[in-house]
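A short worksheet on the structure shown next.
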Amino acid sequence: MLSGKILLVEDNEDDVLLTLRAFKQNKIANEVVVVTDGLQALDMLFGTENKKPFKPALILLDLKLPKLGGLEVLKKINENKATKGTPVVILTTSNEEDDVVKSYEFGANSYIRKPVDFDRFVEAVGQMGLYWLVLNEPMRSYKTRT
């Protein structure tokens, strides 16, 4: 896998552990940085007075987050020139059609419902890691035209 870091935005500790375990089983060795709410995610991505912006290779974003919901986080990511090209995969339990539609409208690259079955989840994470961390050509690796 590529050496880029993964930002996991997830407030459910069990889902964090499940995701980390799925990465390990798929031999995805990329460092995973976890934040537990939408405001922490934006502070991490855009930086603060004391910290530089974090530039992950991939963002895994839950929609149901405290302080600032995932859709609002996604919208802000794609409104900012520095973060717009970062792949964002929505990883959520929501099966609401409106969440799917808005996620893509706000710039999500993919929408994955977390399967309840662990084996299916491990398989989904493996496929996601292969695609986004190995096969995909990120926009930031090319000069953008102004």
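The values are calculated or read from the model by the stated rules, or taken from the named source; none is laboratory data. Please read these numbers as outputs of a predicted model, since none were measured by experiment. A quick note on method: Cβ atoms are made from the backbone with ideal geometry, for glycine too, and the neighbour counts reach across all protein chains shown. To get the accessible areas, we keep the full protein, side chains included, count just its heavy atoms, and leave off ligands, DNA and RNA. Shrake-Rupley method; radii C 1.70, N 1.55, O 1.52, S 1.80 Å.
Before moving on, here are some points about what is shown:
- What the Cβ-Cβ distance of LYS24 and ASN95 gives, at R0 = 30 Å and to the nearest 0.05, is a FRET efficiency of 0.65.
- Charge tally around GLU79: other residues with Cβ under 14 Å, Lys/Arg +1 each, Asp/Glu -1 each, net +2.
- Taking the accessible area of the stretch 13-122, probe 1.4 Å, and keeping the other protein chains in place, the carbon and sulfur fraction comes to 49%.
- Modelled spin labels at ASN109 and ASP43, positioned 7 Å past Cα toward Cβ, are 2.6 nm from each other.
- Each residue, LYS84 and GLU31, gets one label point 7 Å from its Cα in the Cβ direction; the gap between the two is 2.8 nm.
- Note on LYS75 and LYS52: the model spin-label points, each 7 Å out from Cα along the C-beta direction, lie 3.1 nm apart.
- Local charge for VAL32 was computed over the other residues whose Cβ lies under 12 Å away, with Lys and Arg +1 and Asp and Glu -1, and equals +1.
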